[in-house]
Amino acid sequence: MSLKPDTRDEIYRHLREYRDQLMERTEVLYGEISDGRLLMMMRPVMAHQRVANRLRDQLIAQGGDSMSVMAETDLEDPALGILRIPDLCVIPRDVEESEDRAIPADQALVVIEIVSPSNSSNDYRDKVRDYARMRIAHYLIVDPRDGTCVHYWQPVGEDWDNRQRHVFGDVITVGEFALDTGGLTRYRAPAGG
C-alpha cells in the first residue's frame, strides 16, 4: 500500500523530530530514516574510521576549492522520506556553507559507505536501494571484512545501471576521483576465530 504524499511527509517529519531528540541525548547512537522506520545504529569503531580517513584524505587532495568532503553528516530527501548518514559524502563547497539541517540528496556527488563488521545488509541492500532512489550519482561500498569494494553509478529507480567490483589494491575511478585502495586496511579477525 502506498501512502499519500501528505501522510508520508508527516510520518517523516515526526520521525525526524524524534530522531533528532534521541541523538541530542546520546553520543553513542545515530539514526537514519528509511521506509517509514527509524534505524538506530552504534557509532563506528576505530578500524572503520581509519579506512574512512584514508579515503577522505584522498578525496580532499583531489577536490580542490570547489568541493567539500563531509563525514557522517545527514543526507536527506524529505520527499522520499529518507535520511541517511553516509560515512563520506562529496558535495559542492557552497552546499557545505549553507544553513540547511542536512545535505540535500540532489547535491551529493559521491557517497561512500564503509561496511561495519556486524551489519553489512544495511550497506549492500538497504542503502543500495535508498541511494538509487535518492539519485546519488556514485555510490561506493568499501568492505574491510574481505578487502573488496563495489562501485555503483547511474541510478535507475531502486537499482543501478552499472556496478563494478574491485579489490583492495585497485585504483578505482569514482566520478572525477581516483581512489587508491592499496593503503586501506582490513578488519582483524575476532580473537579465537
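Quick notes
- For the chain, the convex hull spanned by the alpha carbon atoms encloses 129 Å³ per residue.
- Debye, to nearest 20: dipole size of the chain, +1 on Lys, Arg Cβ, -1 on Asp, Glu Cβ: 780 debye
- Treating r as the C-beta distance of residue 167 and residue 79 and R0 as 45 Å, the FRET efficiency rounds to 0.75.
- The range 137-193: C-alpha pair distances exceeding 19 Å, %: 36 percent
- Expected 222 nm ellipticity per residue - DSSP helices of 4 or more, -39500 (n - 2.57), all of the chain, to 500: -8000 deg cm²/dmol
- Cα principal axis extents for the range 90-193, largest first, Å: 48, 28, 26
- Mean sequence separation of contacting Cα pairs (under 8 Å, at least six apart), scaled by the length of the chain, corresponds to a relative contact order of 15 percent.
- With θ taken as phi - 60° and the Karplus curve 6.51 cos²θ - 1.76 cosθ + 1.60 applied, the whole-hertz 3J(HN,Hα) list for the range 70-84 is 9, 10, 6, 10, 4, 10, 9, 9, x, 4, 8, x, 10, 9, 10 Hz, x standing for glycine and proline.
- In terms of packing, defined here as the mean over residues of other Cβ atoms within 10 angstrom, the peptides 48-56, 92-100 line up highest first as 48-56, 92-100.
- Accessible area per residue for the range 10-121, computed on protein heavy atoms with a 1.4 Å probe, is 51 Å².
- Percent accessible area from carbon and sulfur atoms, the range 48-91, protein chains only, probe 1.4 Å: 48 percent
- The largest-to-smallest principal axis extents of the Cα set in the range 41-85 are 33, 30, 9 Å.
- Between the beta carbons of residue 120 and residue 18, assuming R0 = 30 Å, the FRET efficiency works out to 0.70 to the nearest 0.05.
The values are calculated or read from the model by the stated rules, or taken from the named source; none is laboratory data. Nothing here was measured: the structure is a model prediction, and the numbers come from that model. Note that each Cβ is placed from the backbone with ideal geometry, even for glycine, and that neighbours are counted across all protein chains shown. Remember, those area values only see protein heavy atoms, side chains included, never the ligands or the DNA or RNA. Shrake-Rupley method; radii C 1.70, N 1.55, O 1.52, S 1.80 Å.
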